[in-house]
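Just below is one structure, and these are the notes that go with it.
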Amino acid sequence: MGIIRVDRLCKSYGTVQAVDGMDFHVDRGEVFGFLGPNGAGKTTTLQALTGQLEPDSGTIRVLDTDPTVEPLETRRRVGIVPERGSPPSFLTPREYLEFVGDVRDLEADTVADRIDHWADRLGFRGKLETLHTDLSRGQQQKVMIAQAFIHEPDVVLIDEPLANLDPLVQEQVKRFLTAYAADDNAVFVSTHNIDVAEEICTRVGIVADGKLVTERTLTATGDEDASAESDSSSATDTPLLEVFLEHVGDAATRDMPVSALESDDPHAQP
Ligand SMILES: Nc1ncnc2c1ncn2[C@@H]1O[C@H](COP(=O)(O)OP(=O)(O)OP(=O)(O)O)[C@@H](O)[C@H]1O
C-alpha cells in the first residue's frame with residue numbers, strides 16, 4: 001500500500017515557483033530519497049506533506065490523510081525531523097520526550113521504556129537530565145530523531161538525516177532507518193547530499209526546479225538493483241552522481257557540498 005502519494009503539486013512564493021508539478025509516491029518498505037540541489041523545492045514539498053504549508057494546487061495523501069485538509073491528523077500519524085529543528089532549550093531530553101509521548105497519547109510507562117530505548121540506541125542516556133541549551137548540536141539532533149520515532153509511526157520524514165552526527169552515530173542511524181523501513185514502514189529522506197542518498201535509500205527521486213525529474217532504485221548498500229527497477233527508474237549502471245549531473249546539470253552543483261563531489265568520505269556533511 002502506498003504511504004505517500006503526491007500528484008501535480010505546485011507552490012509558489014510570489015514570483016518564485018518553488019514546486020512546479022511534483023509527482024511521486026512512497027511505498028511501505030522503502031527508504032525514499034528526495035535528492036536535489038539547494039532551492040530545488042525539497043523543503044517546500046516536505047512542509048506540504050506535513051501540513052505546515054498549503055500548496056497552490058495538486059493532491060497529497062499521507063497514510064490515508066490529506067495534510068491540506070487535516071494537518072493535525074497527518075502530523076499525529078507521522079514522525080518528523082525538520083532540518084533546522086531543535087528541542088526546546090528550557091527542557092531536558094527526558095522532559096521533552098515525555099511531552100511528545102503525552103501529545104501522541106502514549107501511556108507513561110511506554111514513554112519511559114521508549115526514552116530508555118532511544119537514549120541507549122543513540123547514546124544520550126548520560127544527557128537525559130541536561131537542559132538542551134547545554135547540549136551540542138549533534139546531541140540535540142539525536143533527541144530530535146528520538147522524538148520522531150517515539151510513537152512508532154508508519155512513516156518518518158527527515159530533512160538531512162545525518163547532519164551534525166558523528167560517524168559512529170551516522171552508521172547506527174543509517175542501519176536503523178533501513179531496518180525501520182524494512183519492517184513494513186517507510187522513511188522519507190530529504191537531502192542534497194548524494195552520498196547520504198546513495199548509502200541510505202532504497203529508491204531515490206532526483207528533484208530539480210520543483211519537479212521530480214527521474215528516479216533510481218538502489219539496494220540498501222547503494223548498489224543498483226536491476227530486478228527492482230520501475231519503469232520510471234534509471235536502468236543503467238551509471239553512478240548516482242552522474243545521473244544527478246545528467247538531470248540537474250553542472251550549474252546546480254555549485255551549491256552542492258564539495259565533499260559530495262570530490263571526497264571519499266561518505267559521511268561528509270555540509
Ligand atoms: N518563504 C519563502 N519565501 C520566498 N521564497 C521561498 C520561501 N521558501 C523557499 N523559497 C524559495 O523557493 C525555492 C525552493 O526552496 P526550498 O527551500 O523548498 O528548496 P530546497 O530544495 O529545500 O533547498 P535547500 O536544499 O537549500 O534547503 C527557492 O528558490 C527558495 O528561494
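A short reminder: the numbers here are calculations on the coordinates, not readings from a lab. On a predicted model such as this, the values are computed, not experimentally measured, just so you know. Here the Cβ is made from the backbone with ideal geometry for all residues, glycine too, and neighbour counts use every protein chain on show.
Remark on the range 1-134: ratio of C-alpha radius of gyration to 2.2 N^0.38 Å is 1.24.
Once the chain from residue 89 to residue 27 is taken as fully extended at 0.36 nm per residue, the excess over their C-alpha distance is 18.8 nm.
Along the range 15-31 the Karplus relation, 6.51 cos²θ - 1.76 cosθ + 1.60 evaluated at θ = phi - 60°, assigns HN-Hα couplings of 8, 8, 8, 6, 10, 9, x, 7, 10, 5, 9, 10, 9, 4, x, 9, 9 Hz to successive residues, with x for each Gly and Pro.
Taking Cβ atoms as reference points and 10 Å as the exclusive limit, the residues near residue 42 contribute a net charge of -3, counting Lys and Arg as +1 and Asp and Glu as -1.
Given the range 2-262, what percent of its DSSP beta bridges are antiparallel, to the nearest 5?
Close to 55 percent.
Zone of residue 176 (label point 7 Å along Cα→Cβ, backbone N under 17 Å): which residues in the range 19-58? Residues passing the 17 Å test: 31. May I ask for the percentage of alpha-carbon pairs in the range 38-82 that lie more than 15 Å from each other? Roughly 36 percent, rounded to a whole number.
When each of the peptides 180-187, 64-71, 40-47 is scored by the mean number of other C-beta atoms lying within 10 Å of its residues, the order from highest to lowest reads 40-47, 180-187, 64-71. The range 74-154: which GluC sites (Glu not before Pro) are DSSP loop and have at most 11 other beta-carbon atoms within 10 angstrom? For GluC sites (Glu not before Pro) across the range 74-154 that sit outside H, G, I, E and B with at most 11 neighbouring Cβ atoms in 10 Å, the list reads 107, 129. Inter-label distance, residue 8 to residue 131: 5.3 nm, where each label sits 7 Å from its Cα along the C-beta direction. Counting charges near residue 210 (Lys, Arg +1; Asp, Glu -1) among other residues having Cβ under 10 Å from its Cβ returns a value of +1.
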